[in-house]
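The values are calculated or read from the model by the stated rules, or taken from the named source; none is laboratory data. Predicted model, so just to flag it, every value in this text is computed and none were measured. Cβ placement follows ideal geometry from the backbone for every residue including glycine, while neighbour counts extend to all protein chains displayed.
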Amino acid sequence: MSNDTARAGAKDIGQSDAGQSYTVPGFAGAVGFDIPTDLLIGGDWVAGWGGGRIAVLDPSTGAELTSVADGTVADGLAAIDAAEAAARDWAATPPRQRAVILQRCYQSMVDQADWLARLIALENGKALSDARSEVLYAAEFFRWYAEEAVRINGELAIAPAGGNRILVQYQPIGIALLITPWNFPAAMATRKIAPALAAGCTCILKPAEETPLTALAIGEILLRAGVPGGVVNIVNTSDPAGVCKAILHDPRVRKLSFTGSTEVGRILLREAADSVISSSMELGGNAPFLVLDDADVDAAIEGAMVAKMRNAGEACTAANRFYVQAGIHDRFVTRLVERMGSLKLGPGSEAATQCGAMINPAAIEKIAALVDDALAKGATLRLGGKAADGPGYFYPPTVIDGLSRDARILREEVFGPVAAVMRFDDVEEAVAMANDTEYGLSAYVYTGDMKRGLQLAERLEYGMVALNRGLVSDPAAPFGGVKQSGLGREGSHHGLIEFTEAKYIAVDW
Ligand code: ADP
């Protein structure tokens, strides 16, 4: 389909009222609106060109929750039309006004945290407590970028040779394609939408197929908070490769912000290369967690539980490889097994659950394969180690130790509730093992000696190091990786600048 046809069609589908929606069980009437399950294009909920639907499953039961509209290439192009039509006015909207709208988005998400959390728990399978934390974390990106929207300051300098002035202004980069994963369906969306909007960009959000409902709920919240039609468009699709490729080859699109696997990140970088599109990439990780002999064991265990078990291990920042010094190793393992073993495994939407379901059967297969490989190569199983029977996709909290250096789990991201523990004697050896990976997202260090901890943090080849802390994520901090964990930063002022271009004006006055 040509762009012209798609453009003409955008109007038609923009005028159609598809009207399908979903009600979160237990919240009928309490939400104020049903969640639209169609595509959001130009401020309208539309069925799209193909008319197909994607089934949304509950990983805790395997049952279908509902279905959402399945966007096609034509819908992707229609979304670009809508983003283009809205671009000039949004870029010209005074920063203070953009900030006020973003602040309303923040407040609205906080006010509606209960049902949003339940929705995330249903479609992602994560524990309700994790889902609630995610909603509040996701909302914070709106608050932070409401505050940043009015601080997009430029620069003025005198050229070193004198005379000329160097004037730099940060302008919106243009239409952005935002591609998000299923593990944090709310936070990964808001971490991209909020800075894009603060910078004055319009965008197209392409959520993960597994968790489209949260994105659609956020879309309705944004519209109700006053985000003009076309500023944020949402296209779910069962053909992410085809739709994203078409969008990235449209010359009107100038920014790609992706969170997902390193493998897909590489594909997208190649696609983006054709039109030289500015790309921010948050890719995989395989975080090491170093515990030195002088660490406070209680604090290290608390940190380990957060770093490992937040989201049941389905996080790119999740601690996967625990390197524990010999003097503290046995105590650490005993305590970790106790704590991990006490977690209640269960359906995400049940309040008592502490470790929810994995996203799909493929996730279970991958976790099982990595655990089995480690055990076959001589590791000892301390806890768990066997997928639970269905229905639903459950893998229990698992601890293995004494791994051989060639165990695959030390190189590959497990993305599940599995802690692999290695003993070390010499700190130099631990640093070498921690850095021996293609990934470089986050690392954790526990030590009683801050000077030593800071020195180690400098030597760890990671974009983020948590020192005596189990959580790195913070909307006010630059989140991102080095090596094959990514390009660019999200959150903080850095995340805003990613959605701008520096315009240099040479002046002689
Ligand atoms: P995960 O392994 O965590 O599922 P993926 O990298 O496969 O992560 O998916 C993250 C996001 O990337 C999802 O929104 C998915 O639909 C999208 N995606 C997957 N393959 C492609 C592709 N070839 N082009 C564009 N987007 C893709």
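Brief remarks follow.
Per-residue answers, yes or no, for (1) crowded, with 21+ Cβ neighbours inside 10 Å; (2) not aromatic (Phe, Trp, Tyr):
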position	(1), (2)
TYR446	yes, no
GLY453	no, yes
GLY488	no, yes
GLY495	yes, yes
TRP509	no, no
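- Condition check for GLY265: away from the ligand (no atom under 14 Å from the Cβ) and in the same structural domain as ARG143 (by TED's automatic domain parsing): no
- In summary, strands (runs of 3 or more DSSP E) completely within the stretch 152-213 and bearing 3 or more residues that are within 16 Å of the ligand (Cβ to nearest atom) and in the same structural domain as ARG254 (by TED's automatic domain parsing) occur at 175-179, 203-206.
- In the stretch 127-140, the residues that are surrounded by 24 or more Cβ atoms within 10 Å (Cβ to Cβ) and over 12 Å from the mean Cα position of the chain (by Cα): ALA127, ASP130, ALA131, VAL135, ALA139
- Of the listed requirements (1) within 16 Å of the ligand (Cβ to nearest atom); (2) crowded, with 23+ Cβ neighbours inside 10 Å, ALA295 misses just one: (1).
- The single condition among (1) over 30 Å from ILE328 (Cα atoms); (2) touching a residue at least 60 places away in the same chain (Cβ under 8 Å); (3) among the charged types (D, E, K, R) that GLU271 does not meet is (2).
- The test for being modelled with pLDDT of 95 or more, surrounded by fewer than 22 Cβ atoms within 10 Å (Cβ to Cβ), at negative phi and near the ligand (Cβ under 10 Å from one of its atoms) does not hold for PRO228.
- Output for the stretch 365-389, where each listed residue is modelled with pLDDT under 95 and of a type outside the set (A, V, I, L, M): ASP389
- Residues that are over 14 Å from GLU490 (Cβ atoms) and either more than 9 Å from the ligand (Cβ to nearest atom) or not assigned by TED's automatic domain parsing to the domain that holds GLY200 (or both) within the stretch 251-262 comprise PRO251, ARG252, VAL253, ARG254, listed in sequence order.
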